[in-house]
Amino acid sequence: MASDKYNMKCTIPKFELIRLLLRHRRLADDRSLSAKENKFAKFFILFSILIIVIYLMGLAVGLSLIVNSDITATATENLCIGIPFLLLVDFNMRFTMQQTPAHIIKPYILLPLPRYTCIDAFIYSSLISKGNFVWFAFFLPYALMSIVFCYGLATATLTMLLCLVLILVNSQWYSIVRTLINRSVIWWILPIIIYGIEAMPLYIGSNAGWNQFCNLYSTVGTMLDKHNVLPIFIAIVVLVGITAFNRRLQYVSIERELMRTEVKKSVKKVNKFAFFEKYGEIGLFMQLEMKLLLRNATPKKALKSGFFTMAMICASIVLSDVYDSSGMTNFWGLYAFMIFGTMNLLGLMSYEGNYIDCMLTHRENILSLLKAKYVFYSLLLIAPFLLMLPAVISGKWSLLMLVSYLIFTMGFQYFIAFQTAVYNKITVPLNTKMTDKAGLKTNYIQLVLVAIVFIVPNILVNILQSLFSENIAYLTMLLIGLGFIATHRLWLRNVYNRLMKRKYANLEGFISSRQ
């Protein structure tokens with residue numbers, strides 16, 4: 001009977017099934033164990049979104065005033081020139097917000113439901129997501145101030161329609177890239193190639209440069225001014241094609257994950273990292289951390305992605321003068337340390353959630369683990385430090401700045417990152433890549449801590465530089481970092497004590513998210 005139950009075909013109409021799946025996804029967060037928690041953090045996130053909307057509206061007003069006085073190009077042409085850059089920003093922002101269908105389909109795999117229908121439901125959900133319409137906080141004010149009253153409602157409508165279709169194309173393009181990158185970091189080459197092709201007018205041709213770039217993309221605006229719907233038609237065709245490709249890719253990715261088999265032809269000698277054993281219990285946990293990162297697919301991918309991102313940032317800083325301004329120097333200098341040093345710490349205990357019930361059987365095991373992680377990830381900061389030394393040698397940066405950011409990250413940044421161990425109760429599978437449930441449940445306190453890690457340092461250093469000299473600002477950052485490093489045993493003990501008070505609630509969350 002059980003076999004017949006699961007082998008029977010689903011008789012629910014496809015549209016009704018999609019509607020039910022979307023409703024189930026909307027109810028998923030409300031039914032989670034942490035649905036009523038972290039109300040302040042939820043308010044903080046909504047407030048942040050409101051700030052972004054206000055900022056985009058202000059940016060639209062400012063650009064409209066500039067464009068309205070431009071006699072060389074129409075408002076529509078100017079907007080089309082800027083759309084490639086807006087789409088690039090939108091693509092990067094989606095890495096922090098948008099999930100791929102393959103990541104959230106696991107709960108439905110064993111149900112008698114057509115997998116393509118499940119994928120269709122989630123692709124449809126990504127197309128109607130509210131996040132796709134945030135950019136209209138910029139597009140609509142711009143259209144009202146610069147297009148409607150000057151070129152008519154029809155031109156404004158066509159322009160908004162084109163912008164909408166392009167944003168939807170971007171949502172599917174992101175889903176494709178993110179899925180491929182989950183397979184291998186080598187797929188980062190794909191967006192680099194595509195965006196390089198988009199920027200070809202800047203560096204290819206006898207008239208290569210900004211003028212050629214503007215002339216090419218402003219052609220689309222010229223066609224919209226003449227009520228030519230060809231750009232919209234082409235964009236819709238691209239949307240249909242890329243959605244169909246994404247649909248097939250997600251299906252293949254899920255099938256590949258479900259049918260994945262590992263065949264080991266020979267037993268390889270595995271490094272036991274025995275040199276850590278001489279450091280006692282902390283050395284043993286550092287040994288465990290090394291094995292965790294190098295022997296499991298998901299942590300290994302995170303390590304490679306962090307190193308690749310850090311290397312790209314450092315190369316861009318050394319080889320380009322785009323980031324030589326004071327604000328960009330501070331932002332990228334801090335970010336290069338943060339992205340590598342905190343890549344796993346901001347989800348602290350997620351990997352250990354797979355076996356944390358075993359670790360809780362011995363007193364202060366978790367404390368030793370926290371100490372080992374602090375030492376291990378502090379040592380990893382040597383990598384970005386060495387990669388950014390050429391910027392010091394070339395005279396772009398000062399050695400004091402580099403050392404102060406290193407110490408500040410090791411101190412204050414890690415202090416904030418380790419607080420996530422108290423509130424995290426989501427297990428991240430060590431080897432499953434495509435169909436895990438990690439990230440479905442949102443811990444809003446963690447999101448606030450992430451915001452603090454990436455926002456507060458830049459605000460702090462800019463305030464210090466505006467009040468004092470650069471050297472005084474760097475020395476202040478250095479002293480703050482040294483203070484947290486000197487007291488790391490105290491605040492790690494505090495993290496451990498608070499975690500132990502919540503251990504049963506956290507353990508319940510870890511176990512439920514493993515199932």
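The values are calculated or read from the model by the stated rules, or taken from the named source; none is laboratory data. None of these values were measured; they are calculated from a predicted model. Note: ideal-geometry Cβ built from the backbone for every residue, glycine included; neighbour counts use all protein chains shown. Accessible surface areas use protein heavy atoms only, side chains included; no ligands, DNA or RNA. Shrake-Rupley method; radii C 1.70, N 1.55, O 1.52, S 1.80 Å.
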- In the set P384, P390, the lone residue that is surrounded by fewer than 16 Cβ atoms within 10 Å (Cβ to Cβ) and assigned to a helix (DSSP H, G or I) is P390
- Would the range 104-119 turn up any residue that is of a type in the set (A, V, I, L, M), at pLDDT 75 or above, closer than 20 Å to L249 by Cα and part of a helix (DSSP H, G or I)? yes
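If you scan the range 54-70, which residues turn out to be open to solvent by 40 Å² or more (accessible area, probe 1.4 Å) and in a helix (DSSP H, G or I)? Please lay out each step first, then the result.
Taking the range 54-70 first, the residues open to solvent by 40 Å² or more (accessible area, probe 1.4 Å) are 54-55, 57-59, 61, 63, 65-66, 68-70.
I54, Y55, M57, G58, L59, V61, L63, L65, I66, N68, listed by residue number.
Yes/no per residue for (1) modelled with pLDDT of 80 or more; (2) open to solvent by less than 60 Å² (accessible area, probe 1.4 Å); (3) of a type outside the set (F, W, Y); (4) more than 22 Å from the chain's Cα centre (by Cα):
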residue	(1), (2), (3), (4)
F308	no, no, no, no
C314	no, yes, yes, no
V322	no, no, yes, yes
Y351	yes, yes, no, no
- Task: Tally the residues that are under 16 Å from G483 (Cβ atoms) and crowded, with 23+ Cβ neighbours inside 10 Å, restricting the search to the range 412-425.
- Result: 3
- Item | Residues being part of a helix (DSSP H, G or I), among the aromatic types (F, W, Y), under 25 Å from G241 (Cβ atoms) and open to solvent by less than 40 Å² (accessible area, probe 1.4 Å) - total across the range 127-186 | 4
- Query: Counting only residues that are open to solvent by 80 Å² or more (accessible area, probe 1.4 Å), small (G, A, S) and outside any loop (DSSP other than H, G, I, E, B), how many does the range 187-233 have?
  - Reply: 0
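Pick from I452, I485, I463: which is open to solvent by less than 70 Å² (accessible area, probe 1.4 Å) and without any contact (Cβ under 8 Å) to a residue 40 or more places away in the chain? It would help to see each step written out before you state the result.
Numbers: I485 fails: without any contact (Cβ under 8 Å) to a residue 40 or more places away in the chain; I463 fails: open to solvent by less than 70 Å² (accessible area, probe 1.4 Å).
Just a single option satisfies the conditions, and that option is I452.
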